[in-house]
1. Quick one: if the Förster radius is 51 Å, what FRET efficiency do HIS119 and THR21 give, using the C-beta to C-beta distance and rounding to 0.05?
2. Per the Cauchy relation, a quarter of the hull surface: what is the mean projected area of the convex hull of the alpha carbons in segment 147-256, in nm²?
3. Simple spin-label model, 7 Å along Cα-to-Cβ: ASN157 to ASP96 in nm?
4. Take the residue pairs LYS56/LYS139; LYS49/LYS193; LYS99/LYS152 and return only those whose Cα atoms are more than 32 Å apart.
5. Output the peptides 208-219, 227-238, 84-95 sorted from most to least packed, where packing is the average of other Cβ atoms within 10 Å over each peptide's residues.
6. Compute the normalised compactness of segment 144-205: alpha-carbon radius of gyration over 2.2 N^0.38 Å, N being the residue count.
7. For labels at SER126 and VAL218 in the simple 7 Å Cα→Cβ model, what's the distance in nm?
Amino acid sequence: MNVNKIGKKTINIANKLVNNTVLIIMLALMSLAGYALWDSNQLHQGADKSKYEIYKPRSEDEGQSFADLQAINDEVIGWLTVYGTNIDYPVTQGEDNMKYVNTSAEGQYSLSGAIFLDHGNNKAFSDFNNILYGHHMAKKVMFGEIEEFANKEMFENNKYGNLYANNIDYGIEFFAFIHVDAYDGSVFRVNIKEENQEAYLENIIDKAIHYREIGISVTDRIILLSTCSSNSTNGRDILIGRITDETYDDPTIIQSDDNSSRYTNTKDNISIKIPLAAMLLIIVFIMLILVRMYDVMNKKRGQAI
């Protein structure tokens, strides 16, 4: 009789240990998932264009807000906007091409980095070809939308942008989208000699997934927006445009009768997004359900024994 009781108690203790271990593991995994979600959200919030909006050069304030950003970080050299996308960021340039991989435009450590000009280019964007780099990130931040130009409709519907550099607004007219290897020296090189510029342009046209005839020539300045590709390990997606003295209107802005401007609703504005707080509440709710299930299971096992 005593042996049976001892056996039942041993089994009961063993069951509780197993159950407790499983519960702890499940709660730990749920907590880890919650932290990962929070951390990811913090990363993307830090890279969202809205963070830098107050610094964007505007004619009505004569670029004072932009000057404030340059006062914070004197390696900020310009501003890039690609109409029809969320690409609307300050541009930096470091002594090498590594600094702004993990440094924000405000000069602080950041995994999302910053948009930066190749260190070998002239910061006034006066070179024949000027290469900008940015991280390919989810939630359409930084250069996360570049890969969408592989879609013909996206490429055809979003032709223009703006580059602010050297206290001047320039237009950008996009004419090509290419996908290349990260080590393709025929594309990733600057300070191209005049006699090699024609071959460089022909190489881009040959590699183009999409190409628009705009009469591009070696007398033009071109700009390449490069980011990692999600389709291959060492792949790079590059949107290429011509820098022009003529600026273009942003089609996402509607001028109202009082001459003030407002942004039109894009698909991002009307999409349904679950806030981070709601996601965390869902995780907590699931954890409470698991705890409740655990209590019920323990009671049933106790009754069975």
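What follows draws every value from the coordinates through simple rules; no lab data is involved. A quick note: this is a predicted structure, and the numbers were derived from the prediction, not measured. All Cβ positions, even for glycine, are placed from backbone atoms using ideal geometry, and neighbour counts span all protein chains on display.
1. Computed FRET efficiency for HIS119 and THR21 comes out at 0.45.
2. On the way: hull surface 33.1 nm².
With the hull built on Cα positions only, its mean projection is 8.3 nm².
3. 4.2
4. On the way: LYS56/LYS139 21 Å; LYS49/LYS193 36 Å; LYS99/LYS152 34 Å.
Pairs exceeding the cut-off: LYS49/LYS193; LYS99/LYS152.
5. Values: 208-219: 13.3, 227-238: 17.3, 84-95: 20.7.
Ranking, from highest mean packing down: 84-95, 227-238, 208-219.
6. Values: Rg = 14.1 Å, N = 62, 2.2 N^0.38 = 10.6 Å.
Here the Cα radius of gyration is 1.33 times the empirical estimate.
7. 2.0
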